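All remarks here apply to the structure that follows.
The values are calculated or read from the model by the stated rules, or taken from the named source; none is laboratory data. All values reported here derive from a predicted model rather than from experimental measurement.
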């Protein structure tokens, strides 16, 4: 079974001089991105590390807001944290499924022809 890990985050696209609302940052937008991993063996530490690297790249790109002031940096960090947390369950499920499939395939015994 293959999964596409979806990252969703709340990222501020711009910070205006107006005060932020009580519901969150001004001009907040939801982003969703897919992280492909069909070519990664999630039953190995190397494969899991490769998936993590890919996710971090997507998260950095998705959350980059171009600002270098304190508020922009804080919002970028919050976005990265939110994106990683939103994908955590999907990543765990993909890894568990890959390990389960590997065990199931390894334990399958070939059927001997009847004499």
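I'd like the full set of residues that are in a helix (DSSP H, G or I) and over 30 Å from residue 100 (Cα atoms), limited to region 40-68.
Residues of region 40-68 that are in a helix (DSSP H, G or I), as a first pass: 45-63.
Once the filter is applied, which keeps residues that are in a helix (DSSP H, G or I) and over 30 Å from residue 100 (Cα atoms), region 40-68 yields 60, 61, 62, 63.
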> Taking residue 71, is it at negative phi, modelled with pLDDT of 90 or more, within 18 Å of the chain's Cα centre (by Cα) and not in a strand (DSSP E or B)?
Replying inline: no
